[in-house]
Structures are given as structure tokens and as C-alpha cells.
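We did not get these values from a lab; they are worked out from the coordinates using the rules stated. Because the structure is predicted, anything quoted here is derived from the model rather than measured. Because the Cβ atoms are built from the backbone with ideal geometry, glycine has one as well, and the counts that use them run over all protein chains shown.
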Amino acid sequence: KLRGLPSLAGKRAVVYCTYAVDPGQTLSKLVADVEGLGAEVIGGFAIARHSLEADVSEFVDRLTAELSPA
């Protein structure tokens, strides 16, 4: 749980986690927790520690596409 966070009602959010071996269900749990606080999760990504540059670049590209006006 994301203890101590205030209500995120009406806010948009992105979530991410970093991992070395296997993120398992971490990302889906983060999404559920943030949505449980009232936010609309517009993106999420699991970033591998061994490929930070490539994964962060892909994450930014996805978010940019999501946030760009149609």
C-alpha cells in the first residue's frame, strides 16, 4: 500500500517500478493502489535495471503519445 498519500480524486497519474529480476505483479498492484486513491492511471511501466536507458525512453515515448492532443 501507498501509505500516507492523500486522496488523488480527479487527478491523472502514471506509475512505474524498477526491477532486477522479475517485477511480478508489482505494476498491477501499484495501478490498483493508485486507482484506489481515486486517480485515473494513464500509464504504467516496469523498468528493467539492466536496460534503464532504453526502458525509460520507451516509457517517455508512450506517455508523450498518451498526453499529446489528438
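Taken together, the residues in the range 37-70 that are in a helix (DSSP H, G or I) and either touching a Leu at 6+ places or on another chain (Cβ under 9 Å) or more than 25 Å from L5 (Cα to Cα) (or both) amount to 13.
Report, ordered by the first and then the second residue, all pairs with beta carbons closer than 6 Å, sequence separation of six or more or different chains, a first member in the range 1-14 that is within 14 Å of K29 (Cα to Cα), and a second member that is surrounded by fewer than 12 Cβ atoms within 10 Å (Cβ to Cβ) and among the polar types (S, T, N, Q). The qualifying pairs do not exist here. If you go through the range 1-30 and keep only what is at positive phi and surrounded by 10 or more Cβ atoms within 10 Å (Cβ to Cβ), you end up with just G24.
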